[in-house]
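> Can you read through this structure? Questions will come right after.
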């Protein structure tokens, strides 16, 4: 039986640390192609779920380097930054996500949360208003805007 640990400290399955990871890449594919980004995304999301936010950010940064400008990677990367207290990096990431999809109401909400942590309430208010306008039925966005206006 294999005596390696099932998981490394960063959440990487031990098998994924070996050069071939038990698989041979398809012709023309390298370890840093879309499949690699997808695996990194999955690992990063699992780390977020287990509340290992800083580790998730490191893994998701790798995925973002492989697939720059991918909204499906930027969203959890921004969350990982925000939840690990890296608010400026979260702000930058949510800005990049909004460049990909300016109508993403959740991205406006998340950007507002990071801006609040950076003590930039006027900018946060703008993005919360956009989130409410894009998703008028969201009580979450309305409550966040009301809290900011009351502060």
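> How would you order 125-132, 114-121 from highest to lowest mean count of nearby Cβ atoms within 10 Å?
Ranked from most to least packed, the peptides come out as 125-132, 114-121.
> Follow-up question, since we're still on this one. Which peptide among 97-105, 67-75, 40-48 comes first, and what is the full order, when sorted by highest mean count of other Cβ atoms within 10 Å?
Top to bottom by mean Cβ count within 10 Å: 40-48, 67-75, 97-105.
> For the residue pair residue 140 and residue 95, what label-to-label distance in nm results when each label sits 7 Å from Cα along the Cα-to-beta-carbon direction?
So the two model labels end up 2.4 nm from each other.
> Length gain on complete extension for the stretch residue 72 to residue 119, per 0.36 nm per residue less the alpha carbon to alpha carbon distance?
14.2 nm
> Here is a further query. Counting alpha carbon pairs within less than 8 Å and at least 6 residues apart, what relative contact order, in whole percent, applies to the range 73-146?
Dividing the mean separation by the residue count of the range 73-146 yields 24 percent.
Every number here is computed from the coordinates shown, using simple stated rules; none is lab data. Just so you know, these numbers come straight off a predicted model, no measurement behind them. Note that we place each Cβ from the backbone using ideal geometry, even for glycine, and neighbour counts take in every protein chain shown.
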